[in-house]
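Student: This is the structure I want to talk about, given as structure tokens.
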2 protein chains.
Amino acid sequence: MLRHGPLKIRGNRMNTEKKPRRRKSTRLSQDQRVSDILAAANDLIDTKGYENVTMVEIAERSHIVEGTVYRYFKNKDELMLRVAEDWLRLKLADLLDVSALNGTYNKLRYLIWHSLKVIVSKPAVTRYIMLEVRPRESYKTTELFSINRAYTNQLRKLFADAISSGEMKRGVPERLLRDMVFGTIEHSTWRYLRGEGDLDVDELADEIAMVVFHGMSDRQPVTNPLEASLARIEAVAERLEKAVPAG
Amino acid sequence: MLRHGPLKIRGNRMNTEKKPRRRKSTRLSQDQRVSDILAAANDLIDTKGYENVTMVEIAERSHIVEGTVYRYFKNKDELMLRVAEDWLRLKLADLLDVSALNGTYNKLRYLIWHSLKVIVSKPAVTRYIMLEVRPRESYKTTELFSINRAYTNQLRKLFADAISSGEMKRGVPERLLRDMVFGTIEHSTWRYLRGEGDLDVDELADEIAMVVFHGMSDRQPVTNPLEASLARIEAVAERLEKAVPAG
DNA sequence: GCGGCATAATAAGCCTTACTCATCTTACCA
DNA sequence: TGGTAAGATGAGTAAGGCTTATTATGCCGC
């Protein structure tokens, strides 16, 4: 199938084929065109998934021709990046300062909850960022990387507050804790991002915060009878130790 | 640029152009061809990154022509999947049964260490799996998904052992703990997978195991609460025995 | 050795999609 | 109202995945 109509008008005696008519065009302001294109791209990404949108489609939905898109965006990647940046910037604009929240756990839960909200609000673009932008060598020089710093910064505050309140011990590499928090969030959302079912953001935020905060090991009051028994004996031991004069 | 030599031989009076010479071909056994192709694909993926290898290149390096590759692999995706599957299956073949290891922490550390070893052994294919296979809707019906179950199964054993020894409390969704373990591993390796520097597998395994085991909150790095508890009691008992006059 | 033949391998293309560019056209302004 | 800068168009290219008609090779029976 030819993309642009017949290549050659076959001449027959009385040429009944109309010569290809150039479509009527309208000149819009730069801003209007750009926002038309961005809107079209957004719609298409959301409905078809970022990997399936083509420049022709974006152009059609913007009521222009493919070549015109390239007047406003250097290439497809720049357009997609712009969509992602605009969205993420908007979403992170209302991120609270966690220092205002009460307690390490609440701060943590809030950050996790916020990330999940962002992801759920536009899964297709999240996929784009996770699959196309973050893996790049140049990721760290990316605008998206800078925007994401908002989370990193809040997490840093959380750590500072938690250390000064004694809830966290000093010395654990911040990098690792970050990887644990965001790694758990991302891994938890893959099922959703793959299109398998919904996501209960509030419940999941609770669960993730809990597991990340406490880790795998048991630290709650013991339920195991053997341990309970030991705990009682320990308590007695402690009392006796105090009672008996140091010898 | 034409991909396959001149399309049309322009006839001039005395045709001095040699007619396109069909290259000499050799027929190999099915097995030999397949393994040639797989070897070529492997080399190319490792050296150029999976996103940059083309079917023509794979064919050239296998000393055949593009079309021939399609006799042995339905399409590019099937070929790439095969490369990934063969590799991962081989790598997971020697995964130990964690029940043989001593203590939850050691089991955990071993699983993390093993994953990291696998990732480091072929980062280009790891990227392919993480960026192309796992995001698919069909991922769970994939051979790679099945192969990966080896980890899941070992992790399940770890949980079972840890619960029965009292180190972990019952009731935390297994899914979440899995997401924490593997999410932290993956997030920790992105810098490396992006090509930013090396990875000290042993050190990182220790760090991840530590942070995943204990979580963010401050706690003693106790490896076995029962043993720790007994140790404390014994110390007290010893002191008391010395302090209290023999009755 | 030799000829027939199943099928491996080749060469030439097709299709899609990102991107380019010469040409046409429009809106604005003098 | 007409000249013009720049916006918009249509046609085309390149690259890469995939298909297929044709060629020729190695095997097998004789």
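Student: Below 12 angstrom from the Cβ of A:Val53, what's the summed charge of the other residues (Lys, Arg +1; Asp, Glu -1)?
Tutor: Overall, the nearby charge balance is -2.
Student: Probe 1.4 Å, all protein chains in place: accessible area of A:Tyr105 in Å², nearest 10?
Tutor: 60
Student: Same structure, new question: Highest mean first, how do A:175-188, A:25-38 rank when packing is the count of other Cβ atoms within 10 Å averaged over residues?
Tutor: A:175-188, A:25-38
Student: Cα centroid distance between region A:161-213 and region A:30-65, in Å?
Tutor: Using only Cα atoms, the two centres lie 34 Å from each other.
Student: Still on this structure, please answer the following. Of A:Arg23, B:Arg22, A:Arg170, which has the most accessible area and how do the rest follow, probe 1.4 Å?
Tutor: Sorted by accessible area, descending: B:Arg22, A:Arg170, A:Arg23.
Student: In addition: With Cβ to Cβ distances under 12 Å as the rule, what net charge do the other residues near B:Lys157 carry (K, R +1; D, E -1)?
Tutor: Result for the local shell: -1.
Student: Averaged over peptide A:132-140, how many Cβ atoms belonging to another chain are found within 10 Å of each residue's Cβ?
Tutor: Shielding by partners across A:132-140 averages 3.
Student: Once phi is turned into ³J(HN,Hα) by the Karplus curve 6.51 cos²θ - 1.76 cosθ + 1.60 with θ = phi - 60°, what whole-Hz value does each residue of region B:144-150 show in order, with x for glycine and proline?
Tutor: 4, 4, 4, 4, 5, 4, 3
Student: Still on this structure, please answer the following. Enumerate the calculated ³J(HN,Hα) couplings along region B:109-124 in order (Karplus 6.51 cos²θ - 1.76 cosθ + 1.60, θ = phi - 60°), each rounded to whole Hz, writing x wherever the residue is Gly or Pro.
Tutor: So the Karplus estimates, Gly and Pro as x, are 4, 4, 4, 5, 4, 5, 4, 4, 4, 4, 4, 5, 6, 6, x, 5 Hz.
The values are calculated or read from the model by the stated rules, or taken from the named source; none is laboratory data. Since we're looking at a predicted model, the values are computed, not measured. All Cβ positions, even for glycine, are placed from backbone atoms using ideal geometry, and neighbour counts span all protein chains on display. Keep in mind that these areas ignore ligands, DNA and RNA; they rest on the heavy atoms of the full protein, side chains included. Shrake-Rupley method; radii C 1.70, N 1.55, O 1.52, S 1.80 Å.
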